[in-house]
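Everything on this sheet refers to the single structure shown next.
The values are calculated or read from the model by the stated rules, or taken from the named source; none is laboratory data. Here the structure is a predicted model, which means the values were calculated and not measured. For neighbour counting, all protein chains shown are included, and Cβ atoms are generated from backbone atoms with ideal geometry for every residue, glycine included. The accessibility values were calculated without ligands, DNA or RNA, using every heavy atom of the protein model including side chains. Shrake-Rupley method; radii C 1.70, N 1.55, O 1.52, S 1.80 Å.
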Amino acid sequence: MILNRLFCVLAMAFVLSSASADNRQHVVKPGDTLYSLSKRYGVTVEDIQAANPSIEGTNIPSGMTLVIPDEKEVEQKEDKKKGKSIFFNFRKKDKKKDADKEEKVEQVKPEAPAVVEEKKEETPMVRRKIKGAADNVVVIMPFNLDAQTSTEDKQQMRSVEFYEGLMLAVKEAQENGQRILVQTYDLGTKTINEILATKSLLDADFIIAPVDLNDVKLVAEFGKANDIAVVSPFAFSQELSKSHPDLIQLNTSKSFLYENLTADVVKRFETYDFVFLNDKGCTDKADPYAGYLKNALKAKNMQYHEFEYDNPETLVTVDSVLNIIGHNILYIPVANNRESLRRMFPCLKCTTFEIGAEQEKQGQTAILGYPEWVLYSGDFMDYYYDMNVYLFSKFYVNPFDESVQAFYKNFRYWYAKEPMPLTPRYALLGYDVGRYFFAAVKAHGMNFADHIEGFSHGTLQSMMSFRREGEGLINRGLYLVHFKPSAQIDKYEIK
């Protein structure tokens with residue numbers, strides 16, 4: 001199976017050694033790595049390699065006896081180089097900045113990280129990574145290889161495709177010199193509590209949480225208790241954000257995007273008349289953003305127009321009725337469903353766009369659309385181009401983007417299939433999550449969550465711009481996608 005091939009070729013498991021910190025010789029056991037031993041004994045990988053010249057690279061076969069250098073000797077060497085030595089706690093961080101306590105930290109020479117943890121109330125430590133260590137990501141997904149129902153089958157396919165995209169990001173990062181270690185857990189074979197009891201999770205730089213919100217809550221609690229960032233690409237909870245400083249939520253609700261979107265729209269179309277089109281023949285409720293934008297315009301003392309119609313053919317009179325002939329006009333449909341577009345587009349195009357052009361109309365005309373319109377592209381793409389449509393969305397894939405085409409080519413090569421035609425594309429979502437957060441860890445280390453506000457890194461489908469709401473981080477980024485009459489697509493980032 002593709003998933004098995006993926007696990008065998010790309011996934012890497014990390015198991016902590018059970019050796020004692022008091023034993024200065026260690027017999028290598030299955031699963032031991034130089035990295036895990038360095039963390040167990042409180043020394044660096046380079047220190048172990050220097051004490052054991054027979055080691056070739058990072059290869060330590062089972063049964064080999066290693067000499068573990070004494071921490072005091074290592075610290076003395078560091079003292080000579082730097083003039084002082086600070087022992088960093090790799091499991092916890094204290095965000096207090098207390099210069100007086102820092103002197104006390106320099107005097108503490110613990111035998112193992114556990115001793116430092118017991119004294120964390122008096123040591124302002126920062127969680128650091130050992131030099132040369134791999135960046136460690138934990139993935140918890142409902143792969144459900146034995147899926148029985150159609151719902152489980154869909155969940156399984158989406159989880160697998162997300163993981164496949166993530167593995168392409170791993171491959172890319174490794175080709176660029178970054179070492180990535182992946183721990184993968186299947187909720188189809190273990191419960192979330194069994195997974196969270198795994199000791200090796202404590203070595204993670206971040207955890208990618210699963211789909212179910214209840215599972216996300218448990219993972220977020222684990223991350224909070226152990227100071228590990230938790231990335232939630234799927235589920236969203238504003239309540240969790242209030243009390244979980246290391247929770248990073250990608251898929252936020254539309255309402256969190258309205259403030260930034262409105263600021264951009266008002267500035268971008270400051271010379272336009274705003275016209276809200278209300279189709280009374282459409283039974284669906286109005287999109288919430290239409291009401292939000294009206295209130296925002298009122299608050300800024302900006303005028304706008306409203307035009308209601310039962311018969312779409314009356315759109316021919318909209319400019320004259322509102323006395324805005326010759327003005328720049330931004331039309332905002334109040335409804336966002338497919339049926340409202342079927343009623344609106346033909347008549348609006350034949351009147352305000354084409355007839356206006358024949359009359360040498362001087363003003364520019366555009367339409368502001370909604371995220372749902374991405375789903376309707378197959379039906380209305382020609383109208384999007386012809387009528388100068390702008391739509392906002394958290395997710396958008398420009399099929400003409402060379403980077404997107406390269407990703408698809410790479411995906412086909414490795415998995416011999418096309419990504420599922422869903423919105424969002426789960427393969428691209430996994431790739432974007434990996435690409436963005438691997439770059440964040442590379443730039444800021446284990447504490448990247450403290451620096452992620454304002455951090456930017458190119459993604460293909462998912463706009464990411466995080467802001468603290470309560471204690472947690474919520475994604476406030478989105479795209480404004482412009483379908484130009486020249487049959488080109490511009491994708492603007494709104495942060």
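Structural remarks
- Basic side chains Lys and Arg get +1 at the Cβ, acidic Asp and Glu get -1 at the Cβ, and with that the dipole of segment 182-303 about its Cα centre reaches some 540 debye.
- 5 angstrom amide H check on Arg179, placed H, neighbours 5+ away: Asp135
- Accessible area per residue for segment 393-463 is 43 Å², calculated with a 1.4 Å probe on protein heavy atoms, without ligands, DNA or RNA.
- In the context of the full protein assembly, Arg435 retains an accessible surface of approximately 70 Å², using a probe radius of 1.4 Å and ignoring ligands and nucleic acids.
- Per-residue ³J(HN,Hα) for segment 319-334, Karplus 6.51 cos²θ - 1.76 cosθ + 1.60, θ = phi - 60°, Hz, x for Gly and Pro: 5, 6, 4, 8, 6, 10, 4, x, 7, 6, 10, 10, 8, 10, x, 6
- Rounded to the nearest 10 Å², the accessible area of Lys294 at probe 1.4 Å: 40
- Apolar share of the accessible surface for segment 318-440: 49 percent from carbon plus sulfur atoms, 1.4 Å probe.
- Given a 1.4 Å probe and the protein chains as shown, Arg342 ends up with an accessible area of around 120 Å².
- Percent of Cα pairs in segment 385-495 per distance bin of 10 Å, from zero to the largest separation: 13, 39, 32, 15, 2.
- Cross-link pairs Lys409/Lys491; Lys39/Lys442; Lys285/Lys484; Lys285/Lys491; Lys217/Lys285 - those with Cα-Cα distance over 25 Å: Lys285/Lys484; Lys285/Lys491; Lys217/Lys285
- Taking 37 °C and 0.692 mPa s as conditions, segment 271-340 diffuses translationally at an estimated 257 µm²/s according to Stokes-Einstein applied to its Kirkwood radius (Cα pairs).
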